[in-house]
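Input: one structure, supplied below.
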Amino acid sequence: MSKDDVQKLVQACRENNINLIPQVNLLGHQSWAGTTEKLLSVYPQFDETPNVKMPQKYVWPNADNLYCKSYCPLHPEVHKIVFDIVDEICDAFQSNAFHAGMDEVFYLGEMQCPRCSGKDKAELFANEVRLIDDHLAQKNRRLWIWGDRLIDGKTTGLGMWEASYNNTYRAADMIPKDVVICDWHYERADKTPVYFAMKGLNVITCPWNKPAIAVEQTNDMLNFRKTATKEMKPHFYGMMQTVWSGADNFLDGFYNKKSAKDGSDKTDWKCFVDMYNTIDGL
């Protein structure tokens, strides 16, 4: 996108009272399938697992436990580059907040890494959150992240995708309380917003493509607010629809009221409509 393109978005959002928050995936998601993304392509020295080679044909599971690559959070040069990127996109979007991603981080504190080897994965994750948060605070910007790495996947049974199997979950007690947690669950209306609110963290529930789940999550959010203590009430921020396709696909489905390929209503646009109708009916 050009700066002119971004400016059009900024202006449209401003006219419609929408807070536009850009996202760049930090820490994890530095590769996808068999492709190394831009940061590690240009700066391969930042790779947390240089020993893991990208496959010609990606399959999961695999011997390297490769889902997505991570950058090494302790590399002495990585944050100069990363923060330049963050500042550039936040300035272009004239934003007062930034979403750093930080979901599904499987590679962290790896034994092969000369800087991270043997270090506490929860502390590594929390330190990265703090560094990003501190940097954004210099320009009065707020940090948003996905919440999955802050949940114990084994104890809760939520698994290695929606929660953590590599002990990063203890970082929930180490990160700044001003960080906004985007708590995504797509298969069930898990009650984890209460967990984050009990930690003193602000939480947004994020559905995807199951309308009935989104409605249940919306009603849960209302009930959490209604029944919470006065200390916890302010932490239940609300709902956010996630869309894992291009905007054109979402808008086409939304405006033309399309069904999913299997004929069902399991689409992100129908999920958004039902969620919004539940909110609009209050």
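The values are calculated or read from the model by the stated rules, or taken from the named source; none is laboratory data. Since we're looking at a predicted model, the values are computed, not measured. In this analysis, Cβ positions are derived from the backbone assuming ideal geometry, glycine residues included, and neighbour counts consider all displayed protein chains.
Give the residues of the range 50-97 that are part of a loop (DSSP other than H, G, I, E, B) and of a type in the set (Ser, Thr, Tyr), sorted by residue number.
Of everything in the range 50-97, those that are part of a loop (DSSP other than H, G, I, E, B) and of a type in the set (Ser, Thr, Tyr) turn out to be 58, 67, 70, 95.
Hey, could you check the range 101-136 for residues that are assigned to a loop (DSSP other than H, G, I, E, B) and among the small types (Gly, Ala, Ser) and say which is nearest to residue 64 (Cα to Cα)?
109
Yes/no matrix, rows are residues, columns are (1) in contact with a Leu (Cβ under 9 Å, 6 or more places away or on another chain); (2) of a type in the set (Ser, Thr, Tyr):
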{"residue": "30", "(1), (2)": "yes, no"}
{"residue": "36", "(1), (2)": "no, yes"}
{"residue": "40", "(1), (2)": "no, no"}
{"residue": "47", "(1), (2)": "yes, no"}
{"residue": "51", "(1), (2)": "no, no"}
{"residue": "58", "(1), (2)": "yes, yes"}
{"residue": "64", "(1), (2)": "no, no"}
{"residue": "67", "(1), (2)": "no, yes"}
{"residue": "70", "(1), (2)": "yes, yes"}
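Taking interchain pairs and intrachain pairs at least six residues apart, which have beta carbon atoms under 7 angstrom, with the first residue in the range 11-29 and touching a residue at least 60 places away in the same chain (Cβ under 8 Å) and the second surrounded by 16 or more Cβ atoms within 10 Å (Cβ to Cβ) and aromatic (Phe, Trp, Tyr)?
The qualifying pairs are 20/93; 21/98; 21/144; 22/93; 22/98; 27/71.
Exactly one of these conditions fails for residue 276: (1) in a loop (DSSP other than H, G, I, E, B); (2) of a type in the set (Ser, Thr, Tyr); (3) modelled with pLDDT of 95 or more. Give me its number.
Among (1) in a loop (DSSP other than H, G, I, E, B); (2) of a type in the set (Ser, Thr, Tyr); (3) modelled with pLDDT of 95 or more, residue 276 violates only (1).
For the range 140-157, state whether one or more residues are farther than 19 Å from residue 190 by Cβ and either at pLDDT below 95 or touching an Asp or Glu at 6+ places or on another chain (Cβ under 9 Å) (or both).
yes
Quick grid of which residues meet (1) surrounded by fewer than 21 Cβ atoms within 10 Å (Cβ to Cβ); (2) basic (Lys, Arg):
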site: 97; (1), (2): yes, no
site: 107; (1), (2): no, no
site: 117; (1), (2): yes, no
site: 123; (1), (2): yes, no
site: 127; (1), (2): yes, no
site: 131; (1), (2): yes, no
site: 135; (1), (2): yes, no
site: 141; (1), (2): yes, yes
site: 145; (1), (2): no, no
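Right, another one. Taking only pairs six or more apart or across chains, which ones have beta-carbon atoms under 7 Å, a first residue in the range 43-57 that is touching a residue at least 40 places away in the same chain (Cβ under 8 Å) and surrounded by 15 or more Cβ atoms within 10 Å (Cβ to Cβ), and a second residue that is outside any loop (DSSP other than H, G, I, E, B) and among the aliphatic types (A, V, I, L, M)?
none
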